[in-house]
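Taking it in order: structure first as structure tokens, then the write-up.
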Amino acid sequence: MTVRVRFAPSPTGALHIGGIRTALYNYLYARQHKGVFVLRIEDTDQVRYVPGAEEYILEALAWVGLIPDEGVGFGGSYGPYRQSERKAIYYKYAHDLIERGKAYYAFDTPEELDAAREREPNFAYNYWTRERMRNSLTMKPSEVENLLRNGAPYVIRLRVEPGQDILVHDLIRGEVVFQSSELDDKVLLKADGMPTYHLANIVDDYLMRITHVIRGEEWLPSTAHHVLLYRAFGWEAHMPRFAHLPLILRPEGQGKLSKRDGVRFGFPVFPLSWKGATPEENFLGFREAGFLPQAVLNFLALLGWHPGGEQEVFTLEEMVNLFSLEHVSKSGARFDYDKAKWFNQRYILATDNTTLAQLIRPLAEKKGYRTDLPYLERVVALMKERVTLLTDFVEEGYYLFEPVRTYDDEAIQKRWNPALKPALEAIAERILTLQPFDAVTLEASIKALLQEQQLKVGEVLPILRLALVGTMKGPSVFDTIALLGPTETTERLRRGVAYFLQCQRSHVP
Ligand code: GLU
């Protein structure tokens, strides 16, 4: 039997990073079993539908490289894969259940339901209360027919009979038991003719021949109704295996990670940035924060799964080979942003300079910096070992593209000495004619010059660095000069000296 799994997001807003983890685990499972990874868009809830959310899902999956084999935008023989295009199918199946005596029409108006809730604070429409409500189980058949003929609004509800044990063999959690007496008669088809999540989900999993349902833990309680639906349809033999993934917890390990946490802690919890209707609905994405998609996948893979051993950096191929649901943990996984950054750093180091240059090109362009790839490659080579995020290349390394914005005054106080002025001027003069203009020649020539003038390298180099980049951090001074070129370097030395002198004056006691 071919393994068929699905990722079934609802386009109700930006897809949370947990959604990408769900997609990843489905993808890994499918690839490992030479199976099929389906993308189904569950867009039947028109109230919660958000324009642009479906495009976001597709773009996010494309960015991380989890490409479905079938589904919206990918074709396949079990379509359509967008639930809003399958309305007639759900309508038919809901009515089939009525025929089979497993579901019923309910005509209760919103006012009647409100009144019932008023009478009973914990009102649930179930095997017990339905006896007192207006539905096809309590009304005369002729009355029901009349109402239907006259187009009276109705919903279709699942007829849950009490006293049944519902056993779910979860591949991660083991056996989970539910009691049918505790379940309500879920609405399957709404008054507007649209299915609810439960009906559409089960009908589609069945029709799309899904063999394994791998989804977030928040769906575990719904599984009880899902099992009842498989029984009601007589599809028990085709019921998929279930695997409910652990929650992703806040960094402090308490409670579920929410979209607001990203704003609160200042890190992304979405794959891509999202522009919502209001400023509070604008969220930063991992992509825009400067992450490589491979690093995000590696980080997400280990949020709840580990194959054992010490290894933490895995290629997608290794993950496909090693993944197993047995090694997914039952308990929640703490979202550790520092760990995400650690992965990114590792992946940046492992990426070749040409690729990195291409990746930072749009970032440089946005800032109005030069964008020629040979230059960007040299920037990458200098900064690669010092950055964590792709954005760091143009943020931290801004001085490789534009003049120094701020100088580290404290360092200047410590290092500057007016006696160094002639040395800096001599260096500026020397490099104007230096050939070839590379780091090795520069180093030899500048060191020789300092020796001639009986100056210490350890005194001059820090101040040279401060003049060039404004800070004590950064790549080698000689590499930096080689990159900036003679004109820009002499200009920076001139400006640096002017600044140091002014700094010195303003600090005279
Ligand atoms: N549409 C549901 C969601 O948004 C799918 C849950 C499931 O996988 O069954 O997550």
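Some notes on this structure:
- Charged-residue dipole, Cβ positions (Lys, Arg, Asp, Glu), segment 433-509 about Cα centre, Debye nearest 20: 340 debye
- Computed over segment 53-196, the ratio Rg/Rh where both radii use C-alpha atoms and Rh is Kirkwood: 1.07
- Estimated inter-spin distance, Ala381 and Glu111, nm [label 7 Å along Cα→Cβ]: 8.0 nm
- Selected from Phe314, Pro240, Asn298, residue furthest toward positive end of dipole (segment 234-386; charges at beta carbon): Asn298
- Of the DSSP H helices in the chain, those whose Cα atoms cover at least 27 Å axially and whose Kyte score averages -0.5 or more: 477-506
- Shape of the chain from the C-alpha gyration tensor: prolate (a/c of 1.5 or more and a/b above b/c, with a ≥ b ≥ c the square roots of its eigenvalues).
- Computed about its Cα centre, the charge dipole of the chain is approximately 360 debye, with only Lys, Arg, Asp and Glu carrying charge at their Cβ.
- Subset of Lys87/Lys275; Lys414/Lys473; Lys259/Lys330; Lys102/Lys186 violating a 19 Å alpha-carbon distance limit: Lys87/Lys275; Lys259/Lys330
- Along the chain, counting only GluC sites (Glu not before Pro) with a DSSP assignment other than H, G, I, E or B and at most 12 other Cβ atoms inside a 10 Å radius, the longest segment between sites is 1-251.
- Check: segment 37-179 dipole with +1 on Lys, Arg Cβ and -1 on Asp, Glu Cβ, in debye: 500 debye
- Fraction of accessible area attributable to carbon and sulfur, segment 199-251 (%, probe 1.4 Å): 51 percent
- Euclidean distance between Cα centres, segment 429-451 to segment 229-279, Å: 58 Å
- Label-to-label distance, Trp235 versus Thr433, with points set 7 angstrom from Cα along the beta-carbon direction: 8.6 nm.
- Cβ-based charge dipole, segment 425-509, positive-most Cα from Phe500, Leu442, Leu455: Phe500
- Chymotrypsin sites (Phe, Trp or Tyr not before Pro) restricted to DSSP loop in segment 71-123 with at most 12 other C-beta within 10 Å: none
- Lys/Arg +1, Asp/Glu -1 at C-beta; the chain dipole; positive extreme among Ala88, Ala152, Leu28: Leu28
- Summarising the label geometry, the points placed 7 Å from Cα in the beta-carbon direction at Ile89 and Arg209 lie 1.4 nm from one another.
- Residues Thr278 and Glu118, FRET efficiency given R0 of 35 Å [Cβ-Cβ distance, rounded to 0.05]: 0.55
- Span from the segment 13-87 Cα centroid across to the segment 88-156 one, whole angstrom: 33 Å
- Normalised by the number of residues in segment 198-356, the mean separation of alpha-carbon contacts (under 8 Å, six or more apart) gives a relative contact order of 21 percent.
The values are calculated or read from the model by the stated rules, or taken from the named source; none is laboratory data. Please read these numbers as outputs of a predicted model, since none were measured by experiment. With ideal geometry, Cβ positions are generated from the backbone for all residues, glycine too; neighbour counts draw on all protein chains shown. Note: accessible area is taken over every heavy atom of the protein model, side chains too, but ligands, DNA and RNA are not part of it. Shrake-Rupley method; radii C 1.70, N 1.55, O 1.52, S 1.80 Å.
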